[in-house]
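Report on the structure given below.
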Amino acid sequence: MKIIDSHIHIGKWSSVFLDYETSVKDAVKVMKESGVDSAVALPCDTFMNRELLDEIRKENNYKFHFACWINPDDNNLDGFIEKNIKDIKVFKIHPSFQKKRVTDIAYSKYLDIAESENIPVIVHCGRWQEIAGFTFPIETAKKRKNLNLILAHMGGDQPNLVTDCANAVKESGLKNLFLGTESVREFHFVNEAVKIAGAERVIFGSDYNLGLPKMYIPIIESLKISNEEKELIFSRNISRLLGIE
Ligand SMILES: [Zn+2]
């Protein structure tokens, strides 16, 4: 079965992860060993978009889909996006690191670009509910029907948040909301969330270089759903969003 890892990090983390750093070559090795066909590559929290895109362009042995980290405080960001828009396949917004909700005015021009250029946006969702709660990207999705939003960590990487988020996505009835499975290890609750929200709303990710694809692929394989539904989660949903179907 074709596997696309829709959420991997490459590069250098800040002191939050003790300056831990991995290279594009490291990622290629791990992705190939894990049977992952291609991967959406995000920088780390040092926001090195340019460096990562340059490295990916030089990589001929593996297909990465570049994700641009949207740090609204980065003075070089607008110029970078304008210059490289054709190679930017995904935007990544991290409310916790940025200490701004996705609904903050600082993000709106980037969401405008994402909407008009058909670029899906990964929004980190976490336990810091005031800033990184899943309700904010759902609010954004309601207002922007042409914007596809992937709620990372299935809405917050904690069983009650994962199931609450799946219920909220279902109740919204929105077709522009997706749940990314990266870093969620409680397989029972992944299964619950998939049953609630539907496989067409769920997208596989590993959160490499913090996790490994081989840690999370078995969770999708173990889901009590059909092979067709597993295909949606492993590759078809993200392929559609990336326009590579
Ligand atoms: Zn991540």
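The values are calculated or read from the model by the stated rules, or taken from the named source; none is laboratory data. Every value quoted in this text rests on a predicted model; they were computed, and no experiment measured them. Positions of Cβ are generated from backbone atoms using ideal geometry, with glycine treated the same way; all protein chains shown enter the neighbour counts.
Among the criteria (1) at pLDDT 95 or above; (2) under 18 Å from the mean Cα position of the chain (by Cα), the one SER96 does not fulfil is (1).
On the given criteria, is PHE136 touching a residue at least 40 places away in the same chain (Cβ under 8 Å) and away from the ligand (no atom under 16 Å from the Cβ)? Taking the combined requirement at face value, the residue satisfies it. Restricted to the stretch 212-221, and to residues there that are part of a helix (DSSP H, G or I) and within 16 Å of the ligand (Cβ to nearest atom), the residue that is surrounded by the fewest Cβ atoms within 10 Å (Cβ to Cβ) is MET215.
Of all residues in the stretch 182-211 being more than 13 Å from VAL40 (Cβ to Cβ) and within 13 Å of the ligand (Cβ to nearest atom), which is surrounded by the fewest Cβ atoms within 10 Å (Cβ to Cβ)? By that ranking, first place goes to LEU210. If you go through the stretch 174-185 one residue at a time, do you hit one that is farther than 19 Å from SER116 by Cα, at pLDDT 95 or above and in contact with a Ser or Thr (Cβ under 7 Å, 6 or more places away or on another chain)? Scanning the stretch 174-185 turns up at least one residue that is farther than 19 Å from SER116 by Cα, at pLDDT 95 or above and in contact with a Ser or Thr (Cβ under 7 Å, 6 or more places away or on another chain).
Just one of (1) in a helix (DSSP H, G or I); (2) more than 16 Å from the ligand (Cβ to nearest atom) fails for LYS224. It is (1).
Could you list, in sequence order, the residues of the stretch 40-52 that are at pLDDT 95 or above, more than 14 Å from the ligand (Cβ to nearest atom) and either outside any helix (DSSP H, G or I) or under 17 Å from the mean Cα position of the chain (by Cα) (or both)? Matches in the stretch 40-52: ASN49 only. There is no residue in the stretch 54-64 that is of a type outside the set (S, T, N, Q), within 16 Å of the ligand (Cβ to nearest atom), surrounded by 14 or more Cβ atoms within 10 Å (Cβ to Cβ) and part of a helix (DSSP H, G or I).
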